[in-house]
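To keep things clear, I will list the structure first and then write my remarks on it.
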Amino acid sequence: MFHYDLIVIGAGPGGYTAALRAAKRGWKTAVIERREVGGTCLNRGCIPTKTLLHASEIAAGIRGGRFGIEAQQVRLDMAAMLTRKRQVSAQLSGGIETMLRAEKVKLLQGNATVLGPSQVRLTGENEQVLTARHILLATGAVPARPPIPGLDLPEVMTSDDLLENGRLYQSLIVIGGGVIGVEFATFYADLGCQVTVIEGMDRLLPALDRELGQNLGMIFKKRGIAVHTGADVTRLEKTEGGVRVCFHGKGGEESAAGEAVLCAIGRRPNTEGLFAPDVAVAMNGRFIAVNENYETSLPGIYAIGDVSGNIQLAHMAAAQGIDAVERMMGGAGRIDLTAVPSCIYCAPEIACVGMTAEEAKAEGRAVAVGKYVMYANGRTVIQDGGRAFLKIVADAESHAILGAQFMCEHATDMISEMTAAIVNGLTVEQMLRAMRPHPTFEEGVQDALEAVLGKLSGAEH
């Protein structure tokens, strides 16, 4: 007799979502979490950073005086910002705990170690061994630190560290121009900090559409953020005022100095202590290997989210959590996991989903790309949205939407329409049947679709 039908290890977006789905389907379910409910996203990632970015955006808007509003002696209170951040996280974490209790999910605090199929050891105040028909691993990822000399200096921090230290730096160096790097660069630049971004690839946001990263680089430089791309960091040195980052860049050996350094060059799966020493599980590099049903090499043990090498996004982990539970129960998933929207909360926002034109062409597809620059969009002009544009990629034969790349205000809210279009196989013509209200940023989608249709019509004649 098992203690539970399902034990979930990790109460982040993937873990708690899976637990709720299992409980609602009648399974006796437990969740083991060693830190705060909500995981990295809610406590050390998505939610805290967006809370701080909202505050810094307000500060930058007041300082700019672009809208006929000027305030003298704007005072920045980092301690108050951090208090607000903690309040937001605590409120949302409490909400999740309430939902778990309502569905009679047992929440257990402590460290979990897999002893083998069906067995988990819980260590904390009361050590015990729990059993379950199914075990789901949803332990997420933690910041990575590569072996670069000097990266262990006390002035070098991860995103977790910066979210808690409460300092307003005069100068900050960000190593890594991915999502974490550009969001923190935006936040500190909005607060008046001199920010330098160092990225090893040839552009910011190298995993996304080329034009997005290039455009953001120009925006950053216009805002006074120093950007070094194609730069290989070689070492960090302690200085009297902070730290110096040495790198091999386009101009040869270069360096940048600042009070502190943010190391934002990726995350690694959180598997430390997850398995007992005598338990061997197949790995895919650093990640836990799973099959199409999310099952590991150990029968009855499953893994989702960052720990299994998937796209490191909270909503991806949550979707996989639901999908995994449905598959454990012998069903099929209801959420299409092939179209995964990505959102970056810089200024302006960036969001994308599906294929870029380059990716589609690499698969041998003929495509039509419609681009609309938002200089004539009413809401963009009103809010001084800057270098904003939308791109939509469609299949030249079927006219189905294949992908979208947005860089504009509220892009992160607008991308869901394109995600729904892709997973449902909607065509450009079908998307254009729906009107969009005025004045909205969403009108730009209409214009981008019209641009695609123009390309398609031209190709057909």
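The values are calculated or read from the model by the stated rules, or taken from the named source; none is laboratory data. Please read all numbers here as calculations on a predicted model, not as lab measurements. Heads up, the Cβs are rebuilt from the backbone with ideal geometry, glycines too, and the neighbour counts pull from every protein chain shown.
Can you tell me which residues in the stretch 187-204 are buried (at least 21 other Cβ atoms within 10 Å of the Cβ) and more than 24 Å from Cys246 (Cβ to Cβ)?
Within the stretch 187-204, Phe187, Asp190 qualify.
Every residue, every condition in (1) small (Gly, Ala, Ser); (2) free of Cβ contacts under 8 Å to residues at least 12 places away in the same chain; (3) not assigned by TED's automatic domain parsing to the domain that holds His315, yes or no:
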position: Arg133; (1), (2), (3): no, no, no
position: Leu137; (1), (2), (3): no, no, no
position: Tyr169; (1), (2), (3): no, no, yes
position: Leu172; (1), (2), (3): no, no, yes
position: Gly181; (1), (2), (3): yes, no, yes
position: Phe187; (1), (2), (3): no, no, yes
position: Gly192; (1), (2), (3): yes, no, yes
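β-branched (Val, Ile, Thr) and more than 26 Å from Gly110 (Cβ to Cβ): does that describe Thr83? Before you say what the answer is, go through the steps one by one.
Working: β-branched (Val, Ile, Thr): yes; more than 26 Å from Gly110 (Cβ to Cβ): yes.
Here the answer is yes, as Thr83 does meet what is asked.
Output the number of the condition that Val174 fails; it satisfies all remaining conditions of (1) in contact with a helix residue (DSSP H, G or I) (Cβ under 8 Å, 6 or more places away or on another chain); (2) surrounded by fewer than 23 Cβ atoms within 10 Å (Cβ to Cβ).
In the conditions (1) in contact with a helix residue (DSSP H, G or I) (Cβ under 8 Å, 6 or more places away or on another chain); (2) surrounded by fewer than 23 Cβ atoms within 10 Å (Cβ to Cβ), Val174 misses (2) alone.
Give the residues of the stretch 150-205 that are of a type in the set (D, E, K, R) and either in a strand (DSSP E or B) or under 20 Å from Met407 (Cβ atoms) (or both), sorted by residue number.
So the first thing to find is which residues in the stretch 150-205 are of a type in the set (D, E, K, R), and the list is 152, 155, 160-161, 164, 167, 183, 190, 199, 202-203.
Selection gives Glu183, Asp190, Glu199, Asp202, Arg203.
Which one of Glu240, Glu211, Glu183 is among the charged types (D, E, K, R), in contact with a Cys (Cβ under 9 Å, 6 or more places away or on another chain) and farther than 20 Å from Pro146 by Cα? First the steps, then the outcome.
On the way: Glu240 fails: in contact with a Cys (Cβ under 9 Å, 6 or more places away or on another chain); Glu211 fails: in contact with a Cys (Cβ under 9 Å, 6 or more places away or on another chain).
When all the criteria are applied, what remains is Glu183.
If you go through the stretch 418-448, how many residues are within 21 Å of Cys343 (Cα to Cα), β-branched (Val, Ile, Thr) and not in a helix (DSSP H, G or I)?
1
Which pairs do you get when a residue that is of a type in the set (Asp, Glu) and at pLDDT 95 or above, found in the stretch 381-397, comes within reach of a residue that is crowded, with 19+ Cβ neighbours inside 10 Å and in a strand (DSSP E or B), reach meaning Cβ atoms under 7 angstrom, with the pair 6+ apart or on two chains?
Pairs found: Asp395/Val367; Asp395/Leu402.
When only residues in the stretch 206-232 that are among the β-branched types (Val, Ile, Thr) and not in a helix (DSSP H, G or I) count, which is surrounded by the fewest Cβ atoms within 10 Å (Cβ to Cβ)?
So the first thing to find is which residues in the stretch 206-232 are among the β-branched types (Val, Ile, Thr), and the list is 219, 225, 227, 229.
Applying the additional criterion that residues be not in a helix (DSSP H, G or I) yields 225, 227, 229.
Numbers: Ile225: 21, Val227: 22, Thr229: 19.
It comes out as Thr229.
Looking at this structure, is Gly252 more than 20 Å from the chain's Cα centre (by Cα), at positive phi and surrounded by fewer than 24 Cβ atoms within 10 Å (Cβ to Cβ)?
Details: more than 20 Å from the chain's Cα centre (by Cα): yes; at positive phi: yes; surrounded by fewer than 24 Cβ atoms within 10 Å (Cβ to Cβ): yes.
So Gly252 passes the test.
Look through the stretch 326-350, keep the residues that are small (Gly, Ala, Ser), more than 16 Å from Ile422 (Cβ to Cβ) and buried (at least 16 other Cβ atoms within 10 Å of the Cβ), and return whichever of them is modelled with the lowest pLDDT.
Of the residues in the stretch 326-350, the ones small (Gly, Ala, Ser) are 330-333, 339, 342, 347.
Restricting the remaining residues to those that are more than 16 Å from Ile422 (Cβ to Cβ) gives 330-333, 347.
If we keep only those that are buried (at least 16 other Cβ atoms within 10 Å of the Cβ) too, we end up with 333, 347.
Numbers: Gly333: 75, Ala347: 89.
The residue in question is Gly333.
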